[in-house]
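Derivation of every value follows stated rules applied to the coordinates shown; laboratory data play no part. Computed from a predicted model, the values in this text were never measured in an experiment. Here the Cβ is made from the backbone with ideal geometry for all residues, glycine too, and neighbour counts use every protein chain on show.
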Amino acid sequence: MALWLVRAGKYGEHEERFFEDSRVYGTWAEMADVDLSKTKDIEAILEHLRKAYPDAPENRLGTWARQKRAFIASIKPGDWVVAAWQKAHRWHPHQLRHNAATELRKEFGIEAARIILGHRSAAITEVYAEKDEQQAVEAMAQVG
């Protein structure tokens, strides 16, 4: 099983279709009616691309064809596909690092988080790890 990270259009304009259909689509408007899933070789993909983009440089078409073919040839039933929410939810895999940093800081303190994250300065860690407001409330409750 593999994990694929895809975009649902340049600006997330195809999110609803992806999620409603539970499918991944090529989202180029000029090729909306073309099913590339059965395409066997790059030349067949190039043929579709040349029709859709007659003015595009051949090297660009070749790059697009190789990218499409690699995806078509590699993705298998049962693979996981992640489509980041573009419209309403800006998300990036780097947020996992921020979440981990916040949890480390909450559980073990800023210095432990700094060391684990490999930062030279706690100031950098503070950018990644959110402050634990609850810890401050608890400290004030104990101090009075």
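Placing R0 at 35 angstrom, the Cβ-Cβ distance between A2 and D55 gives a FRET efficiency of 0.50 after rounding to 0.05. Less than 5 angstrom separates the built amide H of V81 from those of W4, all sequence-distant by 5 or more or on a different chain.
If R0 is 35 Å, the Cβ-Cβ spacing of D41 and E16 corresponds to a FRET efficiency of close to 0.60.
Going from the residue with the fewest nearby Cβ atoms within 10 Å to the one with the most, F18, F71 rank F71, F18.
In whole angstrom, segment 58-137 maps to an equivalent ellipsoid with semi-axes of 40, 15, 13, each derived as √(5λ) from the alpha carbon gyration tensor and ordered largest first.
Longest stretch of the chain clear of exposed loop sites (trypsin sites (Lys or Arg not before Pro), DSSP loop, at most 13 other Cβ atoms within 10 Å, sites excluded): 41-86. Only lysine pairs 8 or more places apart or on separate chains count here, and in the chain those with Cα atoms under 21 Å apart total 11. Here the simple spin-label model places points 7 Å from the Cα toward Cβ, and for E111 and K76 these points are separated by 4.9 nm. Taking the helices alone, the chain has a mean residue ellipticity at 222 nm of -15500 deg cm²/dmol, built from -39,500 (n - 2.57) per DSSP H run of at least 4 residues and averaged over all its residues.
In the list (1) 10.1; (2) 9.2; (3) 13.5, the label attached to mean projected area of the Cα convex hull in nm² as derived from the coordinates here is (3). Principal-axis analysis of the Cα atoms of the chain puts helix 58-74 at an angle of about 70° to the longest axis.
Cβ crowding within 10 Å ranks M140, M31 as M140, M31, fewest other Cβ atoms first.
At a 10 Å Cβ-Cβ cut-off, how would you order D132, D55, fewest neighbours first? Walk me through the numbers on the way to the answer.
Working: D132 17, D55 4.
Listed from fewest to most nearby Cβ atoms, that is D55, D132.
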